[in-house]
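**Q** Quick one: the structure is below, and I'll ask about it shortly.
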Amino acid sequence: MTEYVDYEYYQKSAHGKTVPEDEFLKSALKASVFIKCITHGQVSDSFETDYPQFADEIKLAACAAAEVFYAADKRRQEHDGREVQAENNDGYSVTYADVQQSGVSLGEQMALQAVRPYLIDTGLMYCGVMPG
């Protein structure tokens, strides 16, 4: 599996500034795996050939998800591996996410929200049978 997007595209086309270059490939790979999962395998390494009409949407979605996964990893590092659900600096308090209840990490939930605007109208997130 390869990353669906590179750092140059992230900076120039998606106008990304959140993820540093030395961390980008790690986050982009997570984003690509995530997109392959939520599209039920329809989006794969050959997406530019398979879906040329949606190539930019897929790349922009990968950029958005990469930013979410980078931020989530950074928060986990700052909090001893625990996933932060909310922080408040008025008296400073932290609420940690309970991943075991939902089975889906907070990062994945946020990534889904980030990629949905790019992929929702493509039909790639549909898991049913298309009428034919």
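The values are calculated or read from the model by the stated rules, or taken from the named source; none is laboratory data. Just so it is clear, the model here is predicted, and its values are computed rather than measured. Cβ placement follows ideal geometry from the backbone for every residue including glycine, while neighbour counts extend to all protein chains displayed. Side chains included, ligands, DNA and RNA excluded: accessible areas come from the protein's heavy atoms. Shrake-Rupley method; radii C 1.70, N 1.55, O 1.52, S 1.80 Å.
**Q** Considering segment 33-58 alone, what residues qualify as being touching a Ser or Thr at 6+ places or on another chain (Cβ under 7 Å) and within 15 Å of Tyr118 (Cα to Cα)?
**A** Lys36, Phe54, Glu57
**Q** With the structure loaded, tell me whether Ala97 is modelled with pLDDT of 95 or more and surrounded by 12 or more Cβ atoms within 10 Å (Cβ to Cβ) or whether it fails that test.
**A** No: the conditions fail for Ala97.
**Q** In addition: Please note which helices (runs of 4 or more DSSP H) are completely contained in segment 1-53 and include at least 2 residues that are open to solvent by less than 30 Å² (accessible area, probe 1.4 Å), over 11 Å from Ala64 (Cα atoms) and not polar (S, T, N, Q). Walk me through it before giving the result.
**A** Working: elements: 7-12, 21-38, 47-50.
It comes to 21-38.
**Q** Within segment 74-83, can one find any residue that is surrounded by 11 or more Cβ atoms within 10 Å (Cβ to Cβ), out of contact with any helix residue (DSSP H, G or I) (no Cβ under 9 Å at 6 or more places or on another chain) and at pLDDT below 80?
**A** Yes - at least one qualifying residue is present in segment 74-83.
**Q** Only one of (1) over 17 Å from Gly107 (Cα atoms); (2) touching a residue at least 24 places away in the same chain (Cβ under 8 Å) is not met by Lys12, so which one is it?
**A** (2)
**Q** From the list Ala61, Ala66, which one is closer than 16 Å to Thr122 by Cα, open to solvent by less than 10 Å² (accessible area, probe 1.4 Å), part of a helix (DSSP H, G or I) and at pLDDT 95 or above?
**A** Working: Ala66 fails: closer than 16 Å to Thr122 by Cα.
Only one candidate passes the filter, namely Ala61.
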